[in-house]
Amino acid sequence: MGKSNKISWLLLRRLSEEIVKSHVDIHISTQMSNDVRGAIIKTQKGIEILLNAKWAKRAEDVYQTLAHELAHFKYPNIHSKEWDAEAKRILEYLKTKGGEQDEEE
Ligand SMILES: [Zn+2]
């Protein structure tokens, strides 16, 4: 479990790539509507994850939104039971690994 509230973006990107086994880019956007926390977009290279700057302030918020969107990689569009289980699994993984190292800033 990450002790600090610091967000290690490059580490989170690497963990995301391990999860989806594809190239991942993370973008923070100020253009998204207030009620949207994130989005996932498939590209030729892999995926892009958009995070709403309004909701991407604390590490916990970022882990939750990333887990939500990464689970949509396997289960697009719907919030099914399978999607929910996948999102919870990913969230645990990000929380366990995401605050471990300070190597990457
Ligand atoms: Zn969703």
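Quick note: the coordinates plus some simple rules give every number you see, no bench work behind them. Keep in mind it's a predicted model, so treat the numbers as computed, not measured. No Cβ is skipped: glycine too gets one built from the backbone with ideal geometry, and neighbour counts run over all protein chains shown.
For this structure, a couple of remarks:
- Within the chain, helix-based [θ] at 222 nm, where runs of 4 or more DSSP H residues each add -39,500 (n - 2.57), nearest 500: -14000 deg cm²/dmol
- Which listed pairs, of 45/95; 45/88; 21/45; 21/88, have C-alpha distances above 21 Å, in listed order: 45/95; 45/88
- The share of Cα pairs per 10 Å bin across the stretch 45-105, counted from zero up to the longest distance, runs 22, 48, 28, 3 percent.
- In the frame of its principal axes, the chain has Cα extents of 33, 28, 27 Å, reported largest first.
- FRET efficiency, residue 10 to residue 92 (Cβ-Cβ, R0 22 Å, nearest 0.05): 0.60
- Stretch gain in nm, segment residue 45-residue 27, where the contour uses 0.36 nm per residue and the Cα spacing is subtracted: 5.0 nm
- Signed unit charges on C-beta, dipole axis of the chain, positive-most listed residue 33, 52, 65: 33
- Fully extending the segment from residue 53 to residue 35, taken as 0.36 nm per residue of separation minus the present Cα-Cα distance, adds 5.3 nm.
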